[in-house]
Amino acid sequence: MSDQPTRYEIYSGIILQKNKIAEHTYHIKVQSTDFARMHYDAGFTLDVFLSNPYDNPQSEVRPYSFWNYEPVYQVADFAINTFSNGKGAQWIQTVQKGDTIFYTAPVGEFTMDDTADHYFLIGDVTALSHLYEINRAVAVSKEVTSLIYAQHAQDFFPDLDHSYPLKTYTLKTFCAEEIIELIKKHFPRHTPNSIAYIFGDSVTTTSIYDFLKDNPAFDIRRIFVKNFWNSKSPV
């Protein structure tokens with residue numbers, strides 16, 4: 001990545017607020033006039049440099065989901081997890097209010113698709129802020145069925161309005177089979193105009209996707225899958 005400053009346009013913002021909101025999650029609020037350049041949709045992510053890329057051209061980046069974006073003041077919220085204790089986890093524990101962060105242009109690979117009548121939102125805590133933002137973008141006339149899972153209750157955190165609009169489950173392990181059993185038990189059948197968002201650990205998301213894909217009991221029209229992390233390797 002030694003040529004990164006010439007390959008990518010680099011933007012900057014200021015951390016307005018930093019709070020620990022769960023056992024393994026920090027909430028930061030970032031203001032950046034550069035946000036005004038993007039055409040924001042729910043589901044955008046931001047590639048953040050873990051150090052100043054002008055001082056360190058080999059600075060690594062990590063993608064973080066927009067939890068919310070306020071366009072008038074160009075302020076965005078992010079929930080940063082520390083489960084892996086990798087470089088991204090170390091970064092969020094060291095940055096403070098008033099620090100400058102650097103990032104590349106926001107992207108929207110897994111943004112809100114508003115064409116469905118029913119939405120399945122499935123993921124672990126690492127995807128919770130992303131799914132909160134998707135959920136807020138769903139029209140009130142449409143249906144949402146959700147399943148957010150964690151091994152410990154203290155890892156869950158509320159949405160920005162302090163509500164818990166998504167259904168949470170505390171599981172002993174990240175066991176795909178147990179999650180699939182919950183889907184069989186609680187998710188509605190025969191929803192032809194439905195879309196599923198499956199985000200979280202790569203092993204679990206793959207198993208859930210394989211179960212839902214072409215499953216006639218659910219008849220899901222489109223499935224978005226995003227591997228936010230690999231529980232077996234630090235990020």
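What follows draws every value from the coordinates through simple rules; no lab data is involved. All values reported here derive from a predicted model rather than from experimental measurement. No Cβ is skipped: glycine too gets one built from the backbone with ideal geometry, and neighbour counts run over all protein chains shown.
Observations on the structure shown:
- Projecting label points 7 angstrom from Cα along Cα→Cβ for HIS190 and ASN19 puts them 4.6 nm apart.
- Difference of contour (0.36 nm per residue) and Cα-Cα distance, ASP47 to LYS87: 13.0 nm
- Projected onto their three principal axes, the Cα atoms of the range 8-77 cover extents of 33, 30, 21 Å, largest first.
- Efficiency of FRET between THR94 and LYS172 - r from beta-carbon atoms, R0 25 angstrom, step 0.05: 0.20
- Percent of Cα-Cα distances greater than 20 Å, calculated over the range 118-229: 35
- Here the chain carries DSSP beta bridges of which approximately 55% are antiparallel, counting only pairs with both residues inside.
- Label-point separation in nm, ASP161 to ILE180, each point 7 Å along Cα→Cβ: 3.6
- Since only GLN90, VAL48, THR100 are under comparison, the one whose Cα sits farthest along the positive direction of the charge dipole of the range 4-103, derived from C-beta charges on Lys, Arg, Asp and Glu, is GLN90.
- The alpha carbons of the chain stretch over 54, 35, 35 Å along the principal axes, in descending order.
- Using the average count of surrounding beta-carbon atoms within 10 Å as a protection proxy, the listed peptides 168-175, 56-63 rank, highest first, as 56-63, 168-175.
- Electrostatic dipole magnitude of the chain [Cβ: Lys, Arg +1; Asp, Glu -1; Cα centre; debye, to 20]: 300
- Springs join every pair of Cα atoms under 10 Å in this Gaussian network model of the chain, and among THR104, THR115, THR145 the largest mean-square fluctuation is at THR115.
- Sites TYR54 and GLU109 - FRET efficiency at Förster radius 25 Å, r taken between beta-carbons, to 0.05: 0.40
- Sparse packing (at most 10 other Cβ atoms within 10 Å of the Cβ) combined with a DSSP loop state is found for the following chymotrypsin sites (Phe, Trp or Tyr not before Pro) in the range 67-157: TYR73.
- Stretch gain in nm, segment THR33-ARG222, where the contour uses 0.36 nm per residue and the Cα spacing is subtracted: 64.5 nm
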